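Single-structure report; data block below.
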Ligand code: 13P
């Protein structure tokens, strides 16, 4: 695929007023989410849940793309249509999570490294045949008194860059996701520490992408916001305005203008926080790149909650809930959210 096509897809992913829905929970994570909601974790329930979300009427008005998990990209809707085809019909670009998750980084207690590069070239080829047009890889950076070590940052960013180069070779837009975790086991850090770690991670990331000949015009950055840890003391929590200002400041100082778009993960923020922060960030614009959302929990948690109470009876009600969350975040991507 040519650079023009990669650019076109990347551009469509951050089309004005639209963002991405992340329904790529791994088998382990969806098990936890279903258990918490009281939904039995069967393949059929996972399929119905993803169908509920992705075929919600009107979702394509606010959602440009969706990140799927390996199981989901192979599934069909209840009437036998491949889910990928149903998404395309709704104007939603299919994407696929391709990393194999984080494991402890040997020699660096508390730091992790994302695995999944072995065999990735062949897996990407198959996903492209199945209809995926973009892929996602998440690197996890933990903050504690002793983490992250700079070796952990560099090792993770090197892997992200190798993944991104392989994606572009396969004709898939890489969504590169360094997540600086806000709700880890300690997470008592303040907003200044979050800023410093974001700056170091993003500098390292763009150095690695440059070294690996990755075309920034055909790439989407997915990143966390500069925000204090969830367990930071009350007097070190930040206002929504501070989060927006520090997030914009770090992005402007580290992310080249040629990057096609930036989207945020929600990372443990409440639904309203995630929307308010995105809105304030866009109100500080115009920025060199479109700035939107690629939320998982902040888009789908309430819909899962509603659906879990009555899997048959609440199906359409849950679809309305996810549509409403998508609309609110679409408004925030324009800086036009009304509280
Ligand atoms: P959250 O918005 O729930 O953090 O998920 C987004 C995502 O894709 C994390 O990898």
Subset of region 77-106, residues closer than 23 Å to residue 137 by Cα, free of Cβ contacts under 8 Å to residues at least 40 places away in the same chain and out of contact with any helix residue (DSSP H, G or I) (no Cβ under 8 Å at 6 or more places or on another chain), comes to 100, 102, 103, 104, 106
By residue number, the members of region 217-247 that are surrounded by fewer than 19 Cβ atoms within 10 Å (Cβ to Cβ) and either in contact with a strand residue (DSSP E or B) (Cβ under 9 Å, 6 or more places away or on another chain) or part of a helix (DSSP H, G or I) (or both) are 217, 234, 235, 236, 240, 241, 242, 245
Could you tell me whether residue 307 is within 28 Å of residue 68 (Cα to Cα), more than 16 Å from the ligand (Cβ to nearest atom), modelled with pLDDT of 95 or more and under 18 Å from the mean Cα position of the chain (by Cα)? no
Among strands (runs of 3 or more DSSP E) entirely within region 59-159, at least 3 residues that are surrounded by 19 or more Cβ atoms within 10 Å (Cβ to Cβ), modelled with pLDDT of 95 or more and touching a strand residue (DSSP E or B) at 6+ places or on another chain (Cβ under 9 Å) occur in 63-68, 93-97, 134-141
Exception for residue 181 within (1) surrounded by fewer than 17 Cβ atoms within 10 Å (Cβ to Cβ); (2) within 16 Å of the ligand (Cβ to nearest atom) falls at (1)
By residue number, the members of region 267-291 that are farther than 17 Å from residue 177 by Cβ, assigned to a loop (DSSP other than H, G, I, E, B) and either in contact (Cβ under 8 Å) with a residue 40 or more places away in the chain or within 12 Å of the ligand (Cβ to nearest atom) (or both) are 270, 284, 285
Of 316, 324, 246, the only residue that is touching a residue at least 24 places away in the same chain (Cβ under 8 Å) and more than 16 Å from the ligand (Cβ to nearest atom) is 246
Apart from one, (1) out of contact with any strand residue (DSSP E or B) (no Cβ under 7 Å at 6 or more places or on another chain); (2) closer than 27 Å to residue 178 by Cα; (3) crowded, with 16+ Cβ neighbours inside 10 Å all hold for residue 24; the odd one out is (1)
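The values are calculated or read from the model by the stated rules, or taken from the named source; none is laboratory data. Remember, it's a predicted structure, so these values are computed and weren't measured experimentally. Here the Cβ is made from the backbone with ideal geometry for all residues, glycine too, and neighbour counts use every protein chain on show.
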